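The values are calculated or read from the model by the stated rules, or taken from the named source; none is laboratory data. Worth saying up front: this structure is predicted, and the values here are computed from it rather than measured. Note that we place each Cβ from the backbone using ideal geometry, even for glycine, and neighbour counts take in every protein chain shown. Only protein heavy atoms, including side chains, enter the accessible area calculation; ligands, DNA and RNA are left aside. Shrake-Rupley method; radii C 1.70, N 1.55, O 1.52, S 1.80 Å.
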There are 2 protein chains.
Amino acid sequence: MTRFRVSLHVTPRRGLLDPQGKAVTDALHTLGFAAVRDVHVGRHIVVELDAADRPAAEREARRMCAKLLANPVTEDFEIAAVEGGAA
Amino acid sequence: MTRFRVSLHVTPRRGLLDPQGKAVTDALHTLGFAAVRDVHVGRHIVVELDAADRPAAEREARRMCAKLLANPVTEDFEIAAVEGGAA
């Protein structure tokens, strides 16, 4: 077993309301950042786990997203990076 | 002015307590993901903004992190990607 470090992005599904992103956009405008057009706020999750190889680590991370880390109704997730291991 | 899309990661500073990461680690263990060693939970923020060029877009994003998006006492931020524009 090798230690892997999987980075995940969990983001509000496009087309759904993103009240946190809207609030940040408004706050940035108030602070003088007039060039800001839109902001989306999601979660950046880094999971360190032991796995046989890189595909296995990614597969486990996807299962974690489906079962706990992302809300399947309102959020999308993507594997941003898998680090560690030899291959 | 060109439209750019800057992706930011805001993460709890290493060495500080990360109670959300600890809670997710415990929940994953409870769900049977025994191979999980550690989890860190931060924010993934995507800012769409107009800027003259790519360095200007990145500079503005750093200013936003320093002024609003990241807590300078407990969090670190990094620019994960800058998309858009020609150069």
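Once the Cα atoms are used to define both axes, helix B:54-64 deviates from the longest principal axis of chain B by about 50 degrees.
When you look at the Cβ of every residue in B:25-36, what mean number of other chain Cβ atoms sits within 10 Å? Show your work: numbers first, answer last.
Values: counts 2, 0, 4, 8, 0, 1, 4, 2, 8, 2, 12, 7.
Counting other chains' Cβ atoms within 10 Å and averaging over B:25-36 gives 4.
On the principal axes of its alpha carbon atoms, the protein assembly as shown extends 49, 34, 31 Å, with the longest extent given first.
When the expected Rg is taken as 2.2 N^0.38 Å, what fraction or multiple of it is the alpha-carbon Rg of segment A:2-84? Walk me through the numbers on the way to the answer.
Numbers: Rg = 16.0 Å, N = 83, 2.2 N^0.38 = 11.8 Å.
Against the empirical 2.2 N^0.38 Å value, I get 1.35 for segment A:2-84.
Taking each DSSP H run with n ≥ 4 as -39500 (n - 2.57) and averaging over every residue of chain A yields -8000 deg cm²/dmol at 222 nm.
DSSP loop trypsin sites (Lys or Arg not before Pro) in segment B:1-48 with at most 14 other Cβ atoms within 10 Å of their Cβ, which ones?
Numbers: sites: B:Arg3, B:Arg5, B:Arg13, B:Arg14, B:Lys22, B:Arg37, B:Arg43; in loops: B:Arg13, B:Arg14.
Passing both the DSSP loop test and the Cβ count: B:Arg13, B:Arg14.
Among the residues of B:52-59, the average count of other protein chain beta-carbon atoms within 10 Å of the residue beta-carbon is 0.
Find the accessible area per residue for chain B; the probe is 1.4 Å, ligands and nucleic acids are left out, and the unit is Å².
Working: 4660 Å² over 87 residues.
For chain B, the per-residue accessible area is 54 Å².
Of the accessible area of the protein assembly as shown, computed with a 1.4 Å probe over protein heavy atoms only, carbon and sulfur atoms account for 55 percent.
For A:Lys22, a cut-off of 26 angstrom between C-alpha atoms picks up these lysines, skipping any fewer than 8 places away in its own chain: B:Lys67.
Surface burial for A against B, with a 1.4 Å probe and both sides summed, reaches about 2900 Å² of accessible area.
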